[in-house]
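Notes follow the structure.
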Amino acid sequence: MTDQLYLLISIGIGILLIIESLVLFKKRAPQSAISPIALLVAVAEFGWLVVSYQVWRDVNSLVPNWFSASFMAYFLAMTFAGIQHAIKTRDQPEMQLPDHLLLIGGIFGLYFGLAAMGCWYFLLWQV
C-alpha cells in the first residue's frame, strides 16, 4: 500500500468514526439495537489497526510514525474502555454506550481525518 493511499483511506476512516459517533449518539438505543453499526465499524477499525501497524513498522514509509501510532493507541484505549464498561454493566439487561466514549470516538475521528489530510497534503508536495 502506498503512503498516499494509506492517508486517503485514513481520511475515510476518520469520517467513518465521526458518522458512527453521530449515529450512535442520536439513536441512544440499547446496544442490541445498534450492534450492526458498531460491529461494522469495529471490524473496519481492527483492519485499519493491522494496516497502521504495518505502516508504522515500514522503514521506507514517509507517513510520520506518530500518525499511525495514534490510531493504534486510540484503538487499544477504546477497546480497554469498552471492556471495562462491559464488566461494570454486566448485570444490566441492556448495555448502552456511555456518552463520553461516543464523544471521544467522534473527536478522534475529526483529529484523524484532519491529520491525514495534512499529512497527505505534505506528502503530495514532498514526492
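The values are calculated or read from the model by the stated rules, or taken from the named source; none is laboratory data. All values reported here derive from a predicted model rather than from experimental measurement. Note that we place each Cβ from the backbone using ideal geometry, even for glycine, and neighbour counts take in every protein chain shown. The protein model used for the area step is the full one, side chains on, heavy atoms only, and it has no ligands, DNA or RNA in it. Shrake-Rupley method; radii C 1.70, N 1.55, O 1.52, S 1.80 Å.
Points to keep in mind about this one:
- Dipole magnitude (debye, nearest 20) for the chain, charges at Cβ of Lys, Arg, Asp, Glu: 200
- Working ranking of peptides 2-10, 82-90 by packing, defined as the average number of other Cβ atoms within 10 Å per residue, highest first, is 2-10, 82-90.
- In terms of its C-alpha gyration tensor, the range 61-121 has a prolate overall shape, because the principal axis ratio a/c (a ≥ b ≥ c, square roots of the eigenvalues) is not below 1.5 and a/b outweighs b/c.
- Spacing of the two label points (7 Å from each Cα toward its C-beta) at residue 22 and residue 114, in nm: 1.6
- Probe 1.4 Å, protein heavy atoms only - accessible area per residue of the chain in square angstrom: 62
- Relative contact order (percent, whole number), the chain, Cα cutoff 8 Å, 6+ residue spacing: 52
- Measuring nothing but protein heavy atoms, the accessible surface of the range 1-121 at 1.4 Å probe radius is 71 percent carbon and sulfur.
- Spin-label model, residue 90 to residue 15: label points 7 Å out along the Cα-to-beta-carbon direction sit 4.0 nm apart.
- Shape class for the chain, computed from the alpha carbon gyration tensor (a ≥ b ≥ c): prolate, with a/c not under 1.5 and a/b above b/c.
- Gaussian network model of the chain, springs between alpha carbon atoms under 10 Å - residue of 40, 76, 22 with greatest fluctuation: 40
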